[in-house]
Amino acid sequence: MKLLITTLLFVTCTLTSCGQKKTNESKQEKENTIMIPISDKYKDITAENYVDRMFEKVKHYDKEPQYFIRPTQNNCLFEILVNDILVHEEYSMEILGSPKNINHAILQSGIQTVTVRMYPLGDAMKRAYDTEKTITTLLPKTEMNINVVKYEAFNISSDLDDEIVVKEHTTPIKKGTDEFIGAGLPYYEYKFTFEADVPYNITGWREGQDLTKLDKEPLEQQVLSYYGKLKNIYLDKDEDALARTTFGDFLIIAQTEYFSKSHIQDLWDEVKGNLYKKNIEFQPFENYIMTFYGNGKIISLRHPSIEPVDRRLRGRSAFWFKYKGESSIRVFFPSIDLYLPKGETLENLRRMEY
């Protein structure tokens, strides 16, 4: 009898201990989610007030110009950055059908810098035309034509007369020839500028610390810590936490593109809807590189762009998951860009803010 009581006590204590352990683990996970770095400005943001609060902050003007790029490539793959913010990438033979909005990379009026990164075709020709050749260097006939265009009105008209060409730029050629200056190279990068006139002036990441000057190992660990906490937000389907973490970042987009309330509602519905994708299966944070944007003020963990790479992951965010679509398994790659305000410690590395 004494042995039975002792055994029952042991089992009870063990179960209690296990239960306590699980409770503590659950509590720790919740604390980790809550402790994700957020600006004090956004700590009262919730899923319920997200749309109204953002609409209150977006200012509207008599003129609301929007700037776009219209790139056309020949014999290359490419990335385009505006003010060192990635605005478009193309790792296939496809030609961009519609111009790409770049307002979110323009924080104020003045001179804006465009960076063009050009890569060889690699196996893109194989995939598009079923050829056998892999192209590892840029070709003599490689070319990029980029138009920067402007629309004065908020609602973009289909009438081409409403489009103002701000800048036309073509890749440089070797003097006295029509041959691309970067022919024979595995990578070529060049820059040009244009002038923009916008009614807003946003601080954004401009006041962030230069992250390239920080010790790389603790910086990487802090980014991974942030990604881990954000992962918990998705797994917990925590709408309020997601609202707080994305508010400042998406406020920049809403302001620079002059969103209406309905546009903001559509944005939040899409962002929130990502929590409820079916059978979310996060993939390991691996095979990434630390990538810096915004002249060193922004960091993101991404898969490499330069060959050899897995073309399915090329240039994509290291924060990604698989989920069940209507008829097949799909993937979602939210781009998670972080910055660190001046005067703050590394533990406060967080999403960009207005």
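On the stretch 53-125, 46 percent of the accessible area sits on carbon and sulfur atoms, based on a 1.4 Å probe. Among the listed pairs Lys150/Lys191; Lys41/Lys100; Lys57/Lys213; Lys43/Lys100; Lys191/Lys324; Lys216/Lys342, which have their C-alpha atoms separated by more than 29 angstrom in this model? In this structure, Lys41/Lys100; Lys57/Lys213; Lys43/Lys100; Lys191/Lys324 exceed 29 Å between Cα atoms. Only the Cβ atoms of Lys and Arg (+1) and of Asp and Glu (-1) were treated as charged; on that basis the dipole of the chain about its Cα centre amounts to roughly 1280 debye. Coordinate range of the alpha-carbon atoms in the chain per principal axis, descending: 102, 55, 45 Å. Within a straight-line Cα-Cα reach of under 15 Å, Lys261 can be paired with the following aspartates and glutamates, leaving aside sequence neighbours fewer than 8 residues apart in one chain: Glu48, Asp52, Glu56, Asp269, Glu270.
Helix 239-256 sits at what angle to the longest principal axis of the chain, using alpha carbons and giving 0 to 90 degrees rounded to 10? With rounding to tens, the tilt is 20 degrees.
Between 0 and 90 degrees, the angle of helix 261-273 with respect to the longest Cα principal axis of the chain falls at about 50 degrees. Computed from backbone phi, the HN-Hα couplings of the stretch 320-330 come to 7, 8, 9, 8, 8, x, 5, 10, 7, 6, 10 Hz, rounded to whole numbers (Karplus: 6.51 cos²θ - 1.76 cosθ + 1.60, θ = phi - 60°; Gly and Pro given as x).
Computed packing ranks the peptides 62-73, 88-99 as 62-73, 88-99, most packed first, by mean other Cβ atoms within 10 Å.
Positive end of the dipole of the stretch 56-121 (Cβ unit charges, origin at the Cα centre): among Gly97, Val82, Thr72, the Cα lying farthest that way belongs to Val82. Could you tell me whether the stretch 153-264 comes out rounded, prolate or oblate from its Cα gyration tensor? Rule is a ≥ b ≥ c as square roots of the eigenvalues, rounded for a/c under 1.5, then prolate if a/b exceeds b/c, otherwise oblate. Note, shape of the stretch 153-264 comes out oblate.
Over the residues of the chain, the helix contribution to mean residue ellipticity at 222 nm works out to -9500 deg cm²/dmol, using -39500 (n - 2.57) for each DSSP H run of at least 4.
Over the stretch 194-244, the pair-distance histogram of Cα-Cα distances with 5 Å bins from zero comes to 4, 14, 13, 14, 16, 16, 12, 10, 1 percent, rounded to whole numbers.
How many angstrom lie between the Cα centre of the stretch 196-226 and the Cα centre of the stretch 283-338? Using only Cα atoms to place each centre, the spacing works out to 18 Å.
Just want the answer: with Cβ charges of +1 for Lys and Arg and -1 for Asp and Glu, which residue in Val198, Tyr354, Ser225 is farthest toward the dipole's positive end in the chain? Looking along the dipole axis, the top candidate is Ser225. Summary of packing: across the peptides 199-212, 235-248, 266-279, the per-residue average of other C-beta atoms within 10 Å ranks them, highest first, as 235-248, 199-212, 266-279. Between Val87, Val223, Val166, the GNM of the chain built on Cα springs shorter than 10 angstrom shows Val166 fluctuating the most.
The values are calculated or read from the model by the stated rules, or taken from the named source; none is laboratory data. Treat the numbers as computed from the prediction; the structure is a model and nothing was measured. When we count neighbours, we look across all protein chains shown, and the Cβ atoms used for this are built from the backbone with ideal geometry, even at glycine. Quick note on the areas: whole protein, heavy atoms, side chains included, nothing else; ligands and nucleic acids left out. Shrake-Rupley method; radii C 1.70, N 1.55, O 1.52, S 1.80 Å.
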